[in-house]
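Q: Would you mind keeping the following structure in view while I ask a few things?
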Amino acid sequence: MPNPSSAGSGLLSGRPDTLPADSSDIIDWLMTETRDQRFIDDIFLDLCERLNAAGIPVSRGTLHFRILHPQWLGARILWRRGLAESEIETFGHGVEDTSGYLNSPAYEINSGATIVRQNLEFAPGVVPRYPLYDELRAEGHTDYVAWPLLHTQGKRHIITFASDRPGGFHDSDIISLAELLPAFALVSEIRLKNRMARSLLDTYVGPHASEQILAGATTRGSGVTVGAAILICDLRDFTGISDLWPRDDVIELLNGYFDAMSDPIEKHGGEILKFMGDGLLAIFPLSNDNACKGLLQAIHEAQVAMRALNEENRKMGHAHLGYGIGVHVGDVMYGNIGSRQRLDFTVIGPAVNIASRLETLTKDLKRPVLLSRDFVEMAGCRMDMEDLGPQMLRGLAEPVDVFAFEPSSEIDFINCSSRSA
């Protein structure tokens, strides 16, 4: 069957035309009136509405961005006429190897095409070049055009428009849309860079620390004193695992362990400040009245997840993963520490040291989770813990009363007071 062609060469349609719409007002709006708009999806929605008001019949528009994110390769912003807001969809790493991507206009644009144009009013029974064209035609669209959206340093994204007017876009419409692209590229790059900066900071230092840094907390020594429940976790015998297992297996084991521990911590209001080799440091700020209860729930769910992970490891012949967790509560200094040119946003203070010593003590007492009396009393769950009595911790002159939280413990989370000190 005939195959409708895509105008990758940038040819116009040759359809009956009108004078190009005046795009100068929209360009002026993009450059001078969007400075207070933080989100590119809001700007894109407004752009599409303005294009229609200017006589360019846009019925659908999309933006395809590559993003820097541990889970997502990119995102698509979709606008349709009549929608009150745009739809945002993310795409995972590996999507570029799928048939859906390889058989799409996006692949053609990313392979170097300067424009992709397709008349969607092809006859029934005609096989279009890409499945997307069939989908758009079924939605009532009559024309489709896609361009690369060029950002600095060679970054290449995609913008597309569709029309539902009989006959599709006029050549003058295509000219007007093309004239907007440089201005929209500048506007979109600023928003995308801002979003990427926040995403990277969230990924590497956590959402609360990233908020502080973006607000200007970048001076060495700057910080605040906060009350927090502190959790320090460490993997057992990681050195032996690293020596005995291939690198890829070690990375897989380590990532599985961190997923099991981290997901419940973040779910219940904790903030992971850093991963330290095979360990992690997290805090639950006491500004949240449920901080201590949230920490206990996180430990309980992490233990469940670790049992499931170790069962999977057993089936695959992988190493069993043990761990130790130390928990304390107190005031910590939360801020920037480091050299003149390399800073770390973290917490320090005696309370952190005690949590660290309790984690170390788990090796000697053969208990996976040890908690200080201060934390247990603040959590209001003393009756659910095993009292191990006073224990000497390295570097401390006085013993610390220690409690154990066993993997099989059933904490009465509902009746935990969380702030009953």
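The values are calculated or read from the model by the stated rules, or taken from the named source; none is laboratory data. Note that this is a predicted model, so its numbers are computed, not measured. Here the Cβ positions follow ideal geometry from the backbone for every residue, glycine too, while neighbour counts run over all protein chains shown. For the accessible areas, the whole protein counts, side chains as well, though only heavy atoms, and no ligand, DNA or RNA atoms are used. Shrake-Rupley method; radii C 1.70, N 1.55, O 1.52, S 1.80 Å.
Q: Could you look through the range 58-72, keep only residues that are in contact with a helix residue (DSSP H, G or I) (Cβ under 8 Å, 6 or more places away or on another chain) and open to solvent by less than 20 Å² (accessible area, probe 1.4 Å), and pick out the one that is farthest from SER163 (Cα to Cα)?
A: That would be PHE65.
Q: Can you find, within the range 291-308, the residue that is nearest to the chain's Cα centre (by Cα) among those that are surrounded by fewer than 21 Cβ atoms within 10 Å (Cβ to Cβ) and among the small types (Gly, Ala, Ser)?
A: Of everything passing the filter in the range 291-308, ALA305 is nearest to the chain's Cα centre (by Cα).
Q: Determine which member of the set ALA355, ALA404 is within 30 Å of THR218 (Cα to Cα) and modelled with pLDDT of 75 or more.
A: Result of the check over ALA355, ALA404: ALA355.
Q: Would you point out which residue out of GLY349, GLY335, GLY326 is open to solvent by less than 10 Å² (accessible area, probe 1.4 Å), small (Gly, Ala, Ser) and modelled with pLDDT under 95?
A: Going through GLY349, GLY335, GLY326 in turn, just one is open to solvent by less than 10 Å² (accessible area, probe 1.4 Å), small (Gly, Ala, Ser) and modelled with pLDDT under 95: GLY335.
Q: Please verify whether GLU311 is assigned to a helix (DSSP H, G or I) and open to solvent by 40 Å² or more (accessible area, probe 1.4 Å), treating the condition exactly as stated.
A: yes
Q: Return yes or no: is LEU235 in contact with a helix residue (DSSP H, G or I) (Cβ under 9 Å, 6 or more places away or on another chain) and either at pLDDT 85 or above or within 22 Å of TYR323 (Cβ to Cβ) (or both)?
A: Taking the combined requirement at face value, the residue satisfies it.
Q: Ok, one more. If you take the residues of the range 283-293 that are in contact with a Ser or Thr (Cβ under 8 Å, 6 or more places away or on another chain) and outside any loop (DSSP other than H, G, I, E, B), which of them is farthest from ASP344 (Cα to Cα)?
A: My answer is LYS293.
Q: If we keep just the residues of the range 61-88 that are within 22 Å of ARG117 (Cβ to Cβ) and basic (Lys, Arg), which is farthest from the chain's Cα centre (by Cα)?
A: So, considering only residues that are within 22 Å of ARG117 (Cβ to Cβ) and basic (Lys, Arg), the one farthest from the chain's Cα centre (by Cα) is ARG81.
Q: Another one. Just to be sure I understand, how many residues within the range 73-100 are touching a Phe, Trp or Tyr at 6+ places or on another chain (Cβ under 9 Å), outside any strand (DSSP E or B) and open to solvent by 40 Å² or more (accessible area, probe 1.4 Å)?
A: Final tally of qualifying residues: 4.
Q: In addition: For the range 185-193, does any single residue satisfy the condition of being crowded, with 16+ Cβ neighbours inside 10 Å, touching a strand residue (DSSP E or B) at 6+ places or on another chain (Cβ under 7 Å), without any contact (Cβ under 8 Å) to a residue 40 or more places away in the chain and over 30 Å from PRO285 (Cα atoms)?
A: Checked against the condition, which is being crowded, with 16+ Cβ neighbours inside 10 Å, touching a strand residue (DSSP E or B) at 6+ places or on another chain (Cβ under 7 Å), without any contact (Cβ under 8 Å) to a residue 40 or more places away in the chain and over 30 Å from PRO285 (Cα atoms), the range 185-193 yields at least one hit.
Q: In the range 379-401, which residue that is assigned to a helix (DSSP H, G or I) and surrounded by 16 or more Cβ atoms within 10 Å (Cβ to Cβ) is modelled with the highest pLDDT?
A: If we take residues in the range 379-401 being assigned to a helix (DSSP H, G or I) and surrounded by 16 or more Cβ atoms within 10 Å (Cβ to Cβ), then ALA379 is modelled with the highest pLDDT.
Q: Could you run through the range 314-331 and say how many residues are assigned to a strand (DSSP E or B) and of a type in the set (A, V, I, L, M)?
A: So the answer is 3.
Q: For LEU343, work out the one condition from (1) of a type in the set (A, V, I, L, M, F, W, C); (2) open to solvent by 20 Å² or more (accessible area, probe 1.4 Å); (3) closer than 15 Å to ILE232 by Cβ it doesn't fulfil.
A: LEU343 satisfies every listed condition except (3).
Q: Could you list all residues from the range 216-267 that are open to solvent by 40 Å² or more (accessible area, probe 1.4 Å) and in a loop (DSSP other than H, G, I, E, B)?
A: Of everything in the range 216-267, those that are open to solvent by 40 Å² or more (accessible area, probe 1.4 Å) and in a loop (DSSP other than H, G, I, E, B) turn out to be GLY216, THR218, THR219, ARG220, GLY221, ARG236, ASP237, TRP245, PRO246.
Q: Give the residue that is surrounded by the most Cβ atoms within 10 Å (Cβ to Cβ), with candidates limited to residues of the range 102-132 that are part of a loop (DSSP other than H, G, I, E, B) and among the hydrophobic types (A, V, I, L, M, F, W, C).
A: Among residues in the range 102-132 that are part of a loop (DSSP other than H, G, I, E, B) and among the hydrophobic types (A, V, I, L, M, F, W, C), the one surrounded by the most Cβ atoms within 10 Å (Cβ to Cβ) is LEU120.
Q: Taking LEU296 as the residue in question, decide whether it is hydrophobic (A, V, I, L, M, F, W, C) and under 29 Å from LYS366 (Cα atoms).
A: Criteria met by LEU296.
Q: Looking only at the range 133-166, count every residue that is among the hydrophobic types (A, V, I, L, M, F, W, C), assigned to a helix (DSSP H, G or I) and either in contact (Cβ under 8 Å) with a residue 40 or more places away in the chain or closer than 19 Å to LEU45 by Cα (or both) and tell me the total.
A: Of the residues in the range 133-166, 1 are among the hydrophobic types (A, V, I, L, M, F, W, C), assigned to a helix (DSSP H, G or I) and either in contact (Cβ under 8 Å) with a residue 40 or more places away in the chain or closer than 19 Å to LEU45 by Cα (or both).
Q: To continue, here is another question. I need a count of the residues in the range 273-290 that are surrounded by fewer than 19 Cβ atoms within 10 Å (Cβ to Cβ) and among the hydrophobic types (A, V, I, L, M, F, W, C).
A: Counting residues in the range 273-290 that are surrounded by fewer than 19 Cβ atoms within 10 Å (Cβ to Cβ) and among the hydrophobic types (A, V, I, L, M, F, W, C) gives 2.
Q: Same structure, new question: Does any residue of the range 48-62 turn out to be in contact with a strand residue (DSSP E or B) (Cβ under 7 Å, 6 or more places away or on another chain) and in a helix (DSSP H, G or I)?
A: Yes, the range 48-62 contains at least one residue that is in contact with a strand residue (DSSP E or B) (Cβ under 7 Å, 6 or more places away or on another chain) and in a helix (DSSP H, G or I).
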